[in-house]
Each structure stands twice: as C-alpha cells, then as structure tokens.
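Comments concern the structure below.
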Amino acid sequence: MNVLEQVKNSPLSRVQVRAVALCLVINLIDGFDLLVTSFVGPTIAREWHLSPSGVGALLSGGLAGMAIGALFLAPLADRIGRRRLSLGCLALASLGMLAASVSQNFGQLLVARLVTGAAVGAMAASLPVLASEYANHRRRGLVVALITTGYGLGAVIAGIASTFLLGAFGWRSVFVFGCVATAVMLVGALRYLPESMDYLVVRRPRRALDRLNRILASMGRAPVGELPVVVSVSRKAAVDSLFRGSNAVRTVLVWVAFTAAQLVFYFASSWTPSLLLKAGMSNQQGISGGLLFSLGGVTGAVLLGVLASRVDPRRLTAAYFVVGALMLVVFSMSLGMLASALVVAVLVGLFLNGTISGINVIVPSLYPAETRATALGLAVAVSRLGAVLAPLLAGFLLEAGWAPGSLFRVFAIPSLIGALATILLARYGHAIQSASAEPRTVEGVVAEA
C-alpha cells in the first residue's frame, strides 16, 4: 500500500480537514459571486430599464462564463496544479466583481459577469476533485455532498448582504463586498491551501517529492524516499470507455439527470426574487424568498449527504427530483400568500439543490477509479448548458406574457425527466467497465473535472 492509500484509509487528519474546509469556503465565495445578480438584478433592471429578456441574459452571464471556465480553464488544474488554478481563479473572480461594481452599462456588466463566471466555473470543476483527493475513502461521499453546500451558503450571504447594502449604498456596493471577500479568500488560500498529493504523485512537477514530504510532515507522517508509482489511463482512453457499448447508455443518463438538475435549480435560484416581485411582493420580500430558497438548498445538500450512507443514492436522488417537481407546483399556487410562499421556498431549495448533490454522489459509484474524474468533469460541462439556458428561457417566457406561477409549473417538467433518468440509473447503472483494457501510462492525465 503506497503512502496515498495509507492516508486515504486512515482517519482524517487536521491538515485534511482544513483542506476540505478551505474548499468549502472557496465554494461559498464562488456561490456569492455567481448568484449575487439574482438579488441585485431587480434593482439594476429598474435603474437601467431592462426588459425581462435582458434580465434573463444578465442572470445567464455568470452561468455562461461558468460553462466556459469548466470547459477551457478547469483542465489546467492537471497541468499547473489544483492549488495554482484556484489561486489564479480567485484573483480573476475578484477582478470581475470589481469590474461589475464600476460598470456603466449593460454590456460592461455582462462582460464582467462572464469573467467572474469563468473563474467560478473553473473552480467548480476542480475544487470537488481537490476536496475528494484530500478526503479519506470513508468520508468521500459526504465531503463531496458538503462541498456542494458552498453555493447555497454563498447565496445566503449574498441575500443578507443585499438586504443591508442595497437600500443604504446601492447595488454596486454588493459587488464591492464580493470583491473584497474574494480577495481576502485569496490571501487565506495562498497561506493555507495545500496542493493535491494525487497531483504531485501522478504529474510529478518540479520538486514534487519535497512538496509531498512537507505535506506528509504536516500530517505527522514519515517522509518517503521516492514518489509512489501510480498508474493511470490517458484521457483519451478514459473518455472512450464512457461510450463503449452499453456504457454509453449510462453516461447519457447521467448527463440527462445532471442537466435537468442544473436547469431547474438555476431557474429557481436566479429568478425567485424577481418572480416574487412580479407576483406582487415587495423588493425586501423577494430577497427574503431567495434567501430562504438558498437556506433550503444548504439543508437539502447536507441532508442528502447524511442519508446517502444509509439509502441507495440513486433512489434517494430520484425521490428528490419527484418531490422537487411537486414543490415547484405548490410554490406556483402559493405566490399570492406571503407566509406560504416563504415556507414553500425553503422546501423548493431543499429538494432542487439536493438533486445536484445527489448526482455528484452517484457518479463515482458508476465509474471505475481511473475514469471517475473525467466522467464527472464531462457531466459538469454538459450540464452547464441547462444552467445557462434556464434564466434565458424564463426571461423570454415572461416577455411573451407568461405569469410567474406558470413558469414554476413548466420547470417542474424537467425535474420529472431527471427523476426518470435517475430511476433508470438505479436499475441499469452498474459500475461501468474499467478503461484498463486501454494502454496505460504513468504520465497519463489525472482527473480532468
């Protein structure tokens, strides 16, 4: 058993807990930066006289940037390291938030949101990998589920910050707050975020052995004289294995379920405050609805992480999809009643965010170790299409005259489609055959997420 397996078969050390906690906090900051437009969007729309489709484009700006970052920046994590990519993206996100705070028109703000989204997208694909590489085998599923709560927590903070800053200082101050918070997180990560041991062992960058031994020493472990030999498959072999024979069916089912989860979640998280305003509530009540949705999302992710160790995650996630669809319908009927709408908003967030956590937990159980990160990375990239389209589609439907309640009922349909795909995974989703039949190289690509 090499040193990596020894670490992952042992209880979590303080260094590992700190690394996972830092990943969670960075995800929290990312959630703030990404979803803050949901809370300040109505104010910007009034000031700049934006149409519903314009608001939808603005809400989708960060999500479109997120897709770009996941596709084109995240793979750099396997070349320059998880830590360097995270530090660079935190700096980029901070600059994007600063640019948003000084934007003078819609075009400038949209570009700023694209830049911030690209940084967040790269970290969204690489941070779960870094956290899972520092988790032990026993806690990996729970760690991945907890990491996904970061976005919900970030959205909660965005809602609270908007409540206190919007009225007194205007919408630009909320972006300034996000810029400063991201910069502070950059300083903290520069000091405390370690590099992935898996990356050091497999990619073997300059001074990899010294860096590995420093991490082992911080864990109270003896140094090693040489880097362990770790065999990995090339990225091409890993990708090919996902579409070989019947494996293609399971891969497509994962993509359908993940896209449905992202589509419904990002519709609700982006548009809930604005739709509550259109239903007759005040600006503060709209922000409160979005805040409660985010709190429910955090609860849902944690609850799924706890239940996943006791219940089949595929059946559990399918149930989340079905109940989430039901809650969307109930929410559409409660928009005229403040108390009921706010209570249901918590349940909508709970089940919709839980579906995303569930897919993140399911994927590792479907794929062999050597293709897991590649499979998750591709699924994340494909599912971003749903995240980008959701706010745009809602904006166009509103402009066409659809009522807010009708939108929530329409978006219950993809939630049911996600449930069906997940149920089929529960029935047919046995572990996909290993890619080990393909040629292996020690210098093969590690996880590209």
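The values are calculated or read from the model by the stated rules, or taken from the named source; none is laboratory data. Because the structure is a prediction, the values reported are computed rather than measured. Every residue, glycine among them, receives a Cβ derived from its backbone with ideal geometry; neighbour counts consider all protein chains shown. Areas reflect the complete protein model, heavy atoms only, side chains present, ligands, DNA and RNA absent. Shrake-Rupley method; radii C 1.70, N 1.55, O 1.52, S 1.80 Å.
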>> Order 131-138, 395-402 from most to least packed using the mean count of other Cβ atoms within 10 Å.
In response: 131-138, 395-402
> Quick one: Karplus J couplings for segment 169-182, per residue in order, coefficients 6.51, -1.76, 1.60, θ = phi - 60°, nearest Hz, x for Gly and Pro?
Replying inline: 10, x, 5, 5, 5, 5, 5, 4, 4, x, 4, 5, 4, 5
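For the chain, what does the accessible surface come to per residue with a 1.4 Å probe? Please give it in Å². Mind dumping the intermediate values first?
On the way: 17050 Å² over 449 residues.
Counting only protein heavy atoms, the per-residue value for the chain is 38 Å².
Given contacts defined as C-alpha pairs under 8 Å and at least six residues apart, what's the relative contact order of the chain, whole-number percent? Could you put the intermediate results ahead of the total?
Working: 837 pairs, mean separation 112.1, N = 449.
Once divided by the residue count of the chain, the mean separation gives 25 percent.
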>> Just to confirm the number: angle between the C-alpha axis of helix 412-428 and the first principal axis of the chain, 0 to 90 degrees, nearest 10?
In response: 20
> For helix 14-48, what angle does its Cα long axis make with the longest principal axis of the chain, in degrees from 0 to 90 and rounded to 10?
Replying inline: 20
>> Just to verify a number: FRET efficiency for Ser53 and Val249, C-beta to C-beta distance, R0 = 22 Å, to 0.05?
In response: 0.05
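Explain nothing, just the number: dipole magnitude of the chain about its Cα centre with +1 on each Lys and Arg Cβ and -1 on each Asp and Glu Cβ, in debye rounded to the nearest 20.
The calculation lands at about 760 debye.
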>> Once neighbouring chains are kept in place and the probe is 1.4 Å, which whole percent of the accessible area of the chain is contributed by carbon and sulfur?
In response: 67
> How would you rank 320-331, 175-186, 267-278, highest first, on the average number of other Cβ atoms within 10 Å across their residues?
Replying inline: 267-278, 320-331, 175-186
>> What are the ³J(HN,Hα) couplings of segment 207-218, residue after residue, when phi is run through the Karplus curve with 6.51, -1.76, 1.60 and θ = phi - 60°? Round to Hz, x for glycine and proline.
In response: 6, 4, 5, 4, 5, 5, 5, 5, 5, 4, 5, 5
